[in-house]
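A short write-up of the structure that comes next.
The values are calculated or read from the model by the stated rules, or taken from the named source; none is laboratory data. Note that the coordinates shown come from a computational prediction; the quantities given were computed from them, not determined experimentally. All Cβ positions, glycine included, derive from the backbone under ideal geometry; neighbour counts span all protein chains shown. The protein model used for the area step is the full one, side chains on, heavy atoms only, and it has no ligands, DNA or RNA in it. Shrake-Rupley method; radii C 1.70, N 1.55, O 1.52, S 1.80 Å.
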Amino acid sequence: KSTILNLIARLYDTDSGEVLIDGKNIKDLNLDDVRQNIGFVPQEAFLFSDTIKNNIKFGDNNASEATIEQAAKNAYIHHNIIDFNEGYNTYVGERGVTLSGGQKQRISIARALIKDPKILILDEATSLLDQRAAKHLENSLAAVLAGRTVIAIAHRLQTAFDADLIAVIEDGQISEWGSHNDLMAANGAYAKLWRSWRDES
């Protein structure tokens with residue numbers, strides 16, 4: 001997965017094959033333009049030793065208070081922030097040590113959203129949320145993600161369920177590719193994982 005993410009962000013180029021964005025080879029596009037249009041939320045959210053507001057605003061230093069608050073609402077973290085004594089001016093400490101893992105992940109999502117990227121990459125971005133919080137976040141994001149390309153790397157199968165295309169990666173290779181219904185019909189690795197997850201839920 002790291003290789004795929006690095007190729008999309010063009011942290012390095014392919015030795016063979018192509019990475020296409022809207023049918024254009026990424027190598028033919030301006031590097032700054034590519035990265036400006038990509039929002040990335042890593043699995044381990046990194047927060048600066050600063051206020052919550054400035055951590056979110058890092059995605060766009062010109063963002064207004066209203067824009068910051070809306071990004072937090074879309075990331076389903078606004079209600080937590082306003083419960084803190086200092087609200088958005090709460091100082092989070094080095095790497096956000098005063099926050100829970102799920103809160104840090106959602107602040108990191110708000111930071112990516114405020115950039116208004118055309119491509120949003122979520123690398124296990126909700127792995128520290130319980131199912132209830134993850135569902136609330138999914139509902140909050142539904143409208144704001146419309147019209148964007150979202151690449152979600154997830155082990156939680158419910159995250160993949162609504163995707164237009166699902167790629168199953170095994171041993172560094174894409175072993176299956178298609179919609180949820182396609183992969184269930186193929187009765188391969190994805191279908192087995194889905195049935196196992198459903199039986200445990």
If you go through segment 91-115 one residue at a time, how many are under 14 Å from Ser49 (Cα atoms) and crowded, with 18+ Cβ neighbours inside 10 Å?
6
Say whether the condition of being surrounded by 12 or more Cβ atoms within 10 Å (Cβ to Cβ), under 20 Å from the mean Cα position of the chain (by Cα) and closer than 30 Å to Gly93 by Cα is met by at least one residue in segment 21-32.
no
Which residues, counting only those in segment 47-85, are farther than 29 Å from Asn37 by Cβ and either among the β-branched types (Val, Ile, Thr) or touching a Ser or Thr at 6+ places or on another chain (Cβ under 8 Å) (or both)?
Ile82, Phe84
Restricting attention to segment 59-81, which residues are assigned to a loop (DSSP other than H, G, I, E, B) and touching a residue at least 60 places away in the same chain (Cβ under 8 Å)?
Ala75, Tyr76
Quick check: anything in segment 115-123 without any contact (Cβ under 8 Å) to a residue 24 or more places away in the chain, in contact with a helix residue (DSSP H, G or I) (Cβ under 9 Å, 6 or more places away or on another chain) and of a type in the set (D, E, K, R)?
no
Top-ranked residue in segment 33-55 [being closer than 19 Å to Leu11 by Cα and among the β-branched types (Val, Ile, Thr); ranked as surrounded by the fewest Cβ atoms within 10 Å (Cβ to Cβ)]
Val34
Scan of segment 124-147 for residues that are free of Cβ contacts under 8 Å to residues at least 60 places away in the same chain and charged (D, E, K, R), ordered by number
Asp130, Arg132, Lys135, Glu138
Which is of a type in the set (D, E, K, R) and modelled with pLDDT under 85, of Asp116, Asp123, Asp130?
Asp130
Quick one: in segment 170-201, of everything that is open to solvent by 80 Å² or more (accessible area, probe 1.4 Å) and of a type in the set (A, V, I, L, M), which residue is modelled with the highest pLDDT?
Ala185
Taking only pairs six or more apart or across chains, which ones have beta-carbon atoms under 9 Å, a first residue in segment 2-13 that is assigned to a loop (DSSP other than H, G, I, E, B), and a second residue that is open to solvent by 40 Å² or more (accessible area, probe 1.4 Å) and of a type in the set (Val, Ile, Thr)?
Tyr12/Thr3
Residue pairs meeting the criteria (Cβ under 7 Å; at least 6 apart or on separate chains; first under 20 Å from Ile38 (Cα atoms) and part of a loop (DSSP other than H, G, I, E, B), in segment 148-174; second open to solvent by 40 Å² or more (accessible area, probe 1.4 Å) and hydroxyl-bearing (Ser, Thr, Tyr))
none
